Every structure is written in C-alpha cells, then in structure tokens.
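Just below is one structure, and these are the notes that go with it.
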Amino acid sequence: MSETHIIRVMLVDDHDMVRKGLAVFLKAKPDMELVGEARDGEEALQTCKELQPDVILMDLMMPKMDGTTATRLIRKQFPEVQIIALTSFQEKGLVQEVLQAGAISYLLKDVSANELAEAIRGAYVGRPTLSPGATKALIQAASQEPAPGHDLTPREKEVLILLVEGLNNSAIAERLFISRSTVKAHVSNILSKLGVSNRAEAIVLALRNKLVT
C-alpha cells in the first residue's frame, strides 16, 4: 500500500450509534476516509454501486437484506471491493456463510480500535483477519459433518418456511416487506445450499430434515 493512498471505507449497519462510533474512529485515521454509509443490505448494494469503496465494514443481522446476502451480491458485482464482517455474533454457521459469500475477514464488534484499523489495512491488500472466536468456530465446523440447511441465514430460513406454506415470490415479498428481486436471490441461495434444483425438492428436503416447524 502506498503511503499516500487513502483507503476508502464504507459502513453498513442498521444501528445509527454504531455507524457514528465507527465514523469517529475512521476520521481519526489519516490513511482512511469514510465515503458512505448504509442501514441494510439493499441500501449497501446501491451505495456500493455509486461509490465503489475499497473496504466495507458489514454488519450481518439487518432488516430487508442481511449482511451475508449483501456480501455475496456485492462481491459478485464488484470483486475488487473487500468486505469485513463486523458483528456481535460468532456462530459457526454465520462465520462459514459470510466467508463463503466472499468476506475477507470476520471480526466481533468488541474488537479494539487498533485491531480494526489493522484489519482494514490488511483487507485493502488482500490479507484476511479472523477473530479468535471465528477461528474456533471454523475449526469446530471442520470437524463436524454439516446437516442439510446448516448454512441457511435467518432470513433464508424465513423464506424457506413461506415456501413450505406454498407462497410465491410476490407473496413472500409482501409478507417479509422486501423486494421480489431480494426474494428471488434468497430462493436461489436456498436451492444452492440445499443442493436441490427446484422449489418442490427444497420443500420435501425441508420437511424431511425438519428444517421448518
């Protein structure tokens, strides 16, 4: 990294106070610049299209579109943008899912300012950073045979439940207050993760493995 280059950072979190705190942190770093903010995954995707930052700090649990789905879509469209998952949760399913979606790093929100700064600099040059909890979760996951649907996000599980109820994409969008394109993306992810080719097979597998109640 050139000493004169400023790392352009974008914040994605549904909590205003978290974004404000991170904004103050970034303003104190001479080699970083806050270029944009978003409150959910859908907004993050649109803002990223407009700004194309170097690094995104991405929360995972958000309304409308979760951080994992947003990470997957952003990395697909803008592979040069590096994403750091910054969350309060370290469940192994979440860690695996967002890293598979393309995040380069996984940190908990109690990370120190210096550690976060180094993670941002590392992400910019392609170097991953994992919190100790995330590393432990990955090690545990590697030693266990995953059950079908283990890597579904909370939102994808909600969509799967509505699929089992027989709702189409438009009805699911209305029920969850999200766009039809977001529902379509969720359904595509669900089919891929369950290893099935259509909605009917997904419903059968979900019922057989008790993925929904």
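Considering only C-alpha atoms, what is the centroid distance from the range 74-125 to the range 1-52, in Å?
Going from one Cα centre to the other spans 13 Å.
Which order do TYR124, TYR106 fall in if you start with the one that has the fewest other Cβ atoms within 10 Å? Don't skip to the end; give the middle numbers.
On the way: TYR124 19, TYR106 26.
Least to most surrounded, the residues fall as TYR124, TYR106.
Which of LYS76, LYS193 comes first, and how do the rest follow, when ranked by fewest Cβ neighbours within 10 Å?
Going from sparsest to densest Cβ surroundings: LYS76, LYS193.
Determine the gain in length on full extension of the stretch LYS184-GLU33; use 0.36 nm per residue of separation and subtract their C-alpha separation, reporting nm with one decimal.
50.9 nm
Would you mind getting me the FRET efficiency between VAL212 and LYS49? Use the beta-carbon distance for r and R0 = 35 Å, nearest 0.05.
0.55
GLU165 to VAL18: extension gain in nm, 0.36 nm per residue of separation minus the Cα-Cα distance?
49.3 nm
In debye to the nearest 20, how big a dipole does the range 7-142 give about its Cα centre with +1 on each Lys and Arg Cβ and -1 on each Asp and Glu Cβ?
Its charge dipole is roughly 260 debye.
Along the charge dipole of the chain, pointing to its positive end and built from +1/-1 on Cβ of Lys, Arg, Asp and Glu, which listed residue (GLN140, LEU207, ILE190) has its Cα farthest out?
Farthest towards the positive end: LEU207.
So how far apart, in nm, are the two label points at HIS150 and SER88 if each is 7 Å from Cα heading toward Cβ?
Taking the simple label geometry, HIS150 and SER88 are separated by 2.7 nm.
Return the distance in nm (one decimal) between the two label points of a simple spin-label model at ASP110 and ILE6, each offset 7 Å from Cα along Cα→Cβ.
The answer from the label model is 3.4 nm.
Past 26 Å, Cα to Cα, is the threshold; run LYS29/LYS136; LYS64/LYS136; LYS92/LYS193; LYS20/LYS136; LYS76/LYS157 against it and keep the listed order.
Listed pairs above 26 Å: LYS29/LYS136; LYS64/LYS136; LYS20/LYS136.
What residue among ILE178, ILE190, ILE139 has the largest mean-square fluctuation in a Gaussian network model of the chain, using Cα springs under 10 Å?
Largest GNM mean-square fluctuation: ILE139.
All of the numbers you see were taken from the coordinates with simple rules; none came from a lab. As the structure is a computational prediction, the values presented were derived from the model and not from experiment. As a convention, Cβ positions derive from the backbone with ideal geometry for all residues, glycine included, and neighbour counts pool all protein chains shown.
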